[in-house]
Amino acid sequence: MEGMNPLHSPEADGRHRAPPAVPEGPLRRRELAAWSDADLERALRHGSLTRLAHGIYDAGGHQLPPMVAKLQALTADADVVASHETAAALLGLWGTQLREPFHLTVPRRRTRIRRRGVVGHGVDIPAGQITSVAGVRVTTAARTWADRFAGGSLEDALIAADLVLRAPRVELEGPGEAAATRHQLQAVVESMGGRRGVAMLRQAAELARERVDSPQETRLRLALHRAGLPEPEVNEWVLDEYGRPAFQPDLMFREWKVAVQYEGAHHSLPQQVERDVGRAELATALGWIEARITRRHQVRAWEPAVDKVTAALMSRGWRP
């Protein structure tokens, strides 16, 4: 058409017109199948769509951090679940930070996910071991523990297990629930068949206890177990002659009236020293003795701590 301004040609208008309406949330390319490549590019130029990764787009309309939005899209397929460190971060376990590469698991019948920023796993995970966080399919705390620590040491697996079994102390941290139960840990381990690390995980699940307040308490308890000492109760109350709660040792051997206290750095604070002295006096008045463990008792795989607790038990009549 003679005299037509090329800037107003149909092709030019197509390049500059607004993109189609975009559905909310993170999306994969196949969910935008009705869009042409030109539509997609226009949406990206106009800012109504953001590319999170290759083939994954964010349409906004939510308050999700970009990495969570990306995970929502990556796990939109019912076969894909966030696992290992990625699941731990989403579940708030062990101080794990959410970062790439993401760990994503699919059933064995499918090809593992292979893409930049992803570690793919191929494992059949029972439906009861999958939950959801912020719209992302993730393994449960018990399953995440098993996947995360199967290749590690008994000590690390036990520390992590004690942490997921611990419910917040209401008087100190407010109400809350444990991330998992010991039965759930054991059930997950038994569902894993002959996978590498299962024997170690089984032992960790058997040794795990609720109410453990710190990794150092776990390490001490494991050292006592390996030395063949009786199993102590963990953070249970000692009662006075009227049945009232008197004091709460970290570990105790009720039959022999031996209380074990692990004293970290904060026990050197003046107010804490006063409380510790008062507790020791109360323990003595009730017929108990204390084995107080500090940092210097940790050397040589906790050998000095084991010797001190053994001596306390033997002074009360226990024999190996």
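The values are calculated or read from the model by the stated rules, or taken from the named source; none is laboratory data. Remember, predicted model here, so these are calculated numbers, not experimental data. As a convention, Cβ positions derive from the backbone with ideal geometry for all residues, glycine included, and neighbour counts pool all protein chains shown.
Yes or no: A179 surrounded by fewer than 16 Cβ atoms within 10 Å (Cβ to Cβ) and in contact (Cβ under 8 Å) with a residue 40 or more places away in the chain? Spell out the reasoning first.
Details: surrounded by fewer than 16 Cβ atoms within 10 Å (Cβ to Cβ): no; in contact (Cβ under 8 Å) with a residue 40 or more places away in the chain: yes.
Criteria not met by A179.
Filter region 293-307 down to the residues that are surrounded by 15 or more Cβ atoms within 10 Å (Cβ to Cβ) and within 25 Å of V238 (Cα to Cα) and list them by number.
Residues satisfying the conditions are I293, T294, H297, A305, V306.
Could you please let me know if E263 is surrounded by 15 or more Cβ atoms within 10 Å (Cβ to Cβ) and charged (D, E, K, R)?
Working: surrounded by 15 or more Cβ atoms within 10 Å (Cβ to Cβ): yes; charged (D, E, K, R): yes.
Answer is yes for this residue.
Inspect all residues belonging to region 169-191 and state whether any of them is touching a helix residue (DSSP H, G or I) at 6+ places or on another chain (Cβ under 8 Å), assigned by TED's automatic domain parsing to the domain that holds V81 and among the polar types (S, T, N, Q).
Taking every residue of region 169-191 in turn, none turns out to be touching a helix residue (DSSP H, G or I) at 6+ places or on another chain (Cβ under 8 Å), assigned by TED's automatic domain parsing to the domain that holds V81 and among the polar types (S, T, N, Q).
So G264 passes all but one of these: (1) of a type outside the set (A, V, I, L, M, F, W, C); (2) at pLDDT 95 or above; (3) closer than 20 Å to R211 by Cβ. Which condition number does it fail?
For G264, the failing item is (2).
Can you pull out the residues in region 203-225 that are under 13 Å from A157 (Cβ atoms) and crowded, with 17+ Cβ neighbours inside 10 Å?
We begin by selecting, within region 203-225, every residue under 13 Å from A157 (Cβ atoms); these are 203-208, 215, 218-219, 222.
Within region 203-225, A204, A205, L207, A208, T218, R219, L222 meet the criteria.
Going through region 228-244 one residue at a time, which ones are without any contact (Cβ under 8 Å) to a residue 12 or more places away in the chain and within 16 Å of E217 (Cα to Cα)?
Hit for region 228-244 is E231, nothing else.
Since V81 meets every condition but one in (1) at pLDDT 95 or above; (2) more than 20 Å from the chain's Cα centre (by Cα), which condition does it not meet?
For V81, the failing item is (2).
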